[in-house]
Amino acid sequence: MMNKNKEIKRLSKFAVATVLAIGSNTLIIANAKADNSNGTTALNQLSGQMTTSSKAMSSTLVSSSSVSEVGQTNNAAEASNVNSSQSPTSQTASASFQKTTASKTRSLTNEPTNESTNTSQNADSESQDADANNQVETNHVSQSVSKTQKVKIDSDRYIAAAQSETAANETEVANDQKSVDTIKSQIDGLNQEINNESDADNHNLITVSSDYANALNSYIDSVVNDNSSSDESLVKLATEGLSANSYQNNVADEKTSAIPGNLSDSQIEELSNYAASLINYIRQQLGTTPSVSVVKGAVSFAKAVADNYSSDDWNIYIYKDHDDSAINQAALTNGLATYDGSNAYEDASAGYLISNVDGQRLTNYFTLNDYKRAIYNTLTAMLFDDADENWLHAMSITNLNDYAGTDNYGSEKATQYFAVSVDDLGQIHFEFIPEWQILALSKFDTSNNLLKLKDQLAASKIALATAKNALTIAQSKLDTVEKIVKLRQKPKTVSEKICKDNRIEQLLVNRRNDSIQIHNRHRVASMINDSISKLNKGKASTAKLINYRISKQPLNNESREFSANLPQTDRNDSSVLASIGFLVIEMIGLVGIVGKLRKQ
């Protein structure tokens, strides 16, 4: 009887242990389902939350496994204590039954939990390895980005310095270019002035034939030797020369105008240089010297003569002669020798600017073209239509037979200065001043404006060459710095491309990390579902074992009736309520077994 009570006590404890094991598995299933639901929701949330959820699921599985193992260990200890108090035979049978049942129960309860735990641990290990690899890649990309950014910063620093130097060189080049342009403009102006001073109208030249020159020379010789030679041949040749030369209008000169007797110094100087160019060309053809030169003293003298004519109201048409008083007074004022009652300097004309027989003062404007035409026509008339004046004007203009007396000036020929002026009656005055007739150099300025302009031109050309050299040097420096900038721009461009590639690589790494994390979460969720399925299989196997035990120990009538009145559930139903109902049925079956054993 004692052994039977012990057996009943042992079976009761076993039943309790079995119920506890099944209850533990049922709770694991419920928790796993909840964790699976949370894990599925977390897949659509942030990666950090999903990682935490998957770790929590793994922790739950490990924790559930530990609870099951503790329960089994306690049951085994109690069973051992019961067995020690039974008879050897009963103890051996009970031990065998207990061993078999405990082994199957442990196998059923531990198998899904251990597999789930191992799978979760493997997933954690793989996830950690992936995280470690991703971290290595991230560090590599970060280091590459850092190095590339340093290269870019260095390039930017060098480029900024080079650009600053470039700006300075560009300023220097601009200044040098400005200097070059300014000097070029000055040179152009000087060339224009020189052209005006020397030969403003090369197309308006007076040509003389050698026959005319020989005929004029013969006439001068006869006059000097008091021979009464005829000038018929000279007149004939002169007439041919007069028809061969005619003035051509200069459109540019028509833009400037002035009133006779009121010309400015610069206008007088321009007209003087124009007339000098014509005279010098004539002398060049005849081979006579010297060339006339326009100087400030000559311009001043010629202007003073014209003013004196205007003051004296001297009309050449009326007086048929020069105003000797006006000429000598101007000579005295300008430091020249004077000759009372005679003219030693002037050739003059009237009626070539305008026919002014009445000697009216002119107040209307005439263009420079008008003045130059009058000068041209006056010179051609003095050369080729001067028979009435015994060709004295022709001798003066050509300086044949040293008419000006320049050969008698020391050991060298004297310079002959020249200027032209116009009085307010429109009369034109040509003033020839041999150097030896200058008595007071303090009153007669021999500085040649043309020579001065030429000197200025020479100096300007030197300055231009210097400025061009400076511009070349500055441009070379600028080109060098620009090359440096381009060289510095190249690594900057490369570094910017590398930075861009690194950012793309970093983005790919991040996306790969996200993909790995999502993949790991899906794996965890799949492992949870596998664990739930295995737990369900374990519950079914436990149910089969208990049914097997019940079939070996049939239920009494009360147990059957109670069991029949309970609601029937599908054994694959995984809800907690169904599992609890199942446990209640199992408990009733075990109680029936215990009751039957007591009756025996």
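Only the coordinates and a few stated rules stand behind these numbers; no lab work does. Remember, it's a predicted structure, so these values are computed and weren't measured experimentally. Because the Cβ atoms are built from the backbone with ideal geometry, glycine has one as well, and the counts that use them run over all protein chains shown.
How large is the dipole of segment 241-321 about the Cα centre if only Lys and Arg carry +1 and Asp and Glu carry -1, each at its Cβ, rounded to the nearest 20 debye?
Using Cβ point charges on Lys, Arg, Asp and Glu, segment 241-321 gives about 300 debye.
Relative to the present Cα-Cα distance, how much length would full extension add between N214 and D514 at 0.36 nm per residue of separation?
96.4 nm
Between L392 and S533, what length comes free when the chain is fully extended (0.36 nm per residue of separation minus the Cα-Cα distance, one decimal in nm)?
Full extension from L392 to S533 adds 36.2 nm.
Pairs K236/K372; K255/K454; K236/K454; K454/K477: which exceed 32 Å Cα-Cα?
Cα-Cα > 32 Å for K236/K454; K454/K477; rest within.
Could you give the nm distance between label points at Q128 and Q143, where each point is 7 Å from its Cα heading toward the beta carbon?
Going from the Q128 label point to the Q143 one covers 2.4 nm.
Under the rule of at least 5 residues apart or a separate chain, name every residue whose amide H is placed under 5 Å from the amide H of I259.
When sequence neighbours closer than 5 places are left aside, the close amide H contacts are F366.
With respect to the cross-link table entries K150/K486; K178/K486; K184/K296, which display a Cα-Cα separation exceeding 22 Å?
Where the Cα-Cα span goes over 22 Å, the pairs concerned are K178/K486; K184/K296.
What ranking do 473-485, 370-382 get when scored by the average of other Cβ atoms within 10 Å per residue, highest first?
The packing order, highest mean first, is 370-382, 473-485.
I want to check the label-to-label distance for L507 and K255. Put each point 7 Å from Cα in the C-beta direction and report it in nm to one decimal.
If labels sit at L507 and K255, their model points lie 6.6 nm apart.
To the nearest 20 debye, what is the magnitude of the charge dipole of segment 278-349 about its Cα centre, counting +1 on the Cβ of each Lys and Arg and -1 on the Cβ of each Asp and Glu?
440
If you scale each eigenvalue of the Cα gyration tensor by 5 and take the root, what three semi-axes come out for segment 202-447, rounded to whole angstrom and sorted largest first?
Equivalent ellipsoid semi-axes, largest first: 26, 23, 18 Å.
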